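Please read the structure below before turning to the comments.
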Amino acid sequence: MKVLGITGGIGAGKSTVLAYLSKKYRVRVIQADQAAHVLEQPGQECYHRIVETFGKEILSAGGEIDRRLLGNIVFSDKKSLEELNDIVHPAVREYIIQEIRQERLAGTAPFIVLEAALLIEEHYDEICDELWYVRTGEEIRRKRLMASRGYTAEKAGEIMQNQLSDALFLKHCQFVVDNNSDFIENTYGQIDRGLVEHGFL
Ligand SMILES: CC(C)(COP(=O)(O)OP(=O)(O)OC[C@H]1O[C@@H](n2cnc3c(N)ncnc32)[C@H](O)[C@@H]1O)[C@@H](O)C(=O)NCCC(=O)NCCS
Ligand SMILES: Nc1ncnc2c1ncn2[C@@H]1O[C@H](COP(=O)(O)OP(=O)(O)OP(=O)(O)O)[C@@H](O)[C@H]1O
């Protein structure tokens, strides 16, 4: 069972692409962000290490990691982001490998789609048969994130600064899905063609 890696900067439209793939082709979707969310829950080893590193100030009243507070710290300080990545990423990788193994055993999906903003930095190309880049200009991404998630331009910009450049995404990916158009059917059409041309269907 093949694994297709979907990557791109924040707000590029990765989740939108995944939703389409899941609905139309019934693929199995695995998201690194969601794996990280699970592994940051109380009781998990990552949770304890994050609290040890960043202090109890990042906890909500209920004792859970307040992701907004943690995000404010790590996205404005490279060293803190590296510390968080060092804690979370090995566990996320292991979690994802297990999920892929289980899906292959179940054998029900036509192929697996793995989504992560950091597929390239975290060397997920070793796990994926191919990497696809969802490519959307920074200005359009900023506008969509401000409209849909209430991000400030500053917050979106801070996260973008911690991600790969367009040139590096292009260099490492085998197919580009251009998601600049507000007419989403344009994007869906590229995906349909890409899947056939690249042997996923
Ligand atoms: C810092 C955290 C707590 C902020 O949580 P929050 O709910 O506010 O944001 P969310 O998880 O939805 O992330 C928003 C976007 O930021 C970007 N992002 C997240 N983590 C990172 C990172 N380590 N480096 C660069 N960009 C990142 C992604 O584009 C992501 O979609 C959270 O992002 C986190 O735990 N990050 C570490 C895990 C991780 O690296 N996940 C990304 C894939 S492995
Ligand atoms: N072609 C499009 N036209 C208009 N809006 C779009 C388009 N594609 C995505 N969006 C909107 O842009 C926002 C960001 O898209 P999405 O959540 O899919 O990005 P993402 O790459 O998954 O983001 P993140 O990196 O945070 O996970 C969403 O509100 C989504 O509905």
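The values are calculated or read from the model by the stated rules, or taken from the named source; none is laboratory data. As the structure is a computational prediction, the values presented were derived from the model and not from experiment. Ideal geometry is used to build each Cβ from the backbone, glycine not excepted, and the neighbour counts take in all protein chains shown. Quick note on the areas: whole protein, heavy atoms, side chains included, nothing else; ligands and nucleic acids left out. Shrake-Rupley method; radii C 1.70, N 1.55, O 1.52, S 1.80 Å.
The table below lists the values:
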quantity: Count of region 73-82 residues which are more than 16 Å from ligand 2 (Cβ to nearest atom) and assigned to a helix (DSSP H, G or I); calculated: 5
quantity: Residue identified as closer than 15 Å to Gly5 by Cα and either under 17 Å from the mean Cα position of the chain (by Cα) or crowded, with 16+ Cβ neighbours inside 10 Å (or both) among Leu81, Leu131, Leu145; calculated: Leu131
quantity: Residues of region 90-119 satisfying the condition of being open to solvent by 30 Å² or more (accessible area, probe 1.4 Å) and not aliphatic (A, V, I, L, M); calculated: Pro90, Arg93, Glu94, Tyr95, Gln98, Glu99, Arg101, Gln102, Arg104, Gly107, Thr108, Pro110
quantity: Single residue of Arg49, Arg26 found to be more than 30 Å from Asn186 (Cα to Cα) and out of contact with any Cys (no Cβ under 8 Å at 6 or more places or on another chain); calculated: Arg49
quantity: Checklist (1) surrounded by 13 or more Cβ atoms within 10 Å (Cβ to Cβ); (2) more than 16 Å from ligand 1 (Cβ to nearest atom); (3) of a type in the set (S, T, N, Q) applied to Ser181, failing item; calculated: (1)
quantity: Helices (runs of 4 or more DSSP H) within region 1-70 that include 2 or more residues within 12 Å of ligand 2 (Cβ to nearest atom) and either at pLDDT 95 or above or surrounded by 14 or more Cβ atoms within 10 Å (Cβ to Cβ) (or both); calculated: 14-25, 32-39
quantity: Close pairs from region 14-32: first within 16 Å of ligand 1 (Cβ to nearest atom), partner assigned to a helix (DSSP H, G or I), Cβ under 6 Å, at least 6 apart; calculated: Val29/Leu18; Val29/Ser22; Ile30/Ile96; Ile30/Glu99; Ala32/Val92
quantity: Candidate set from region 184-201 (those that are open to solvent by 40 Å² or more (accessible area, probe 1.4 Å) and of a type in the set (Val, Ile, Thr)); member that is nearest to the chain's Cα centre (by Cα); calculated: Ile184
quantity: Count of residues meeting criterion [surrounded by 11 or more Cβ atoms within 10 Å (Cβ to Cβ) and either part of a helix (DSSP H, G or I) or touching a residue at least 40 places away in the same chain (Cβ under 8 Å) (or both)] in region 152-167; calculated: 11
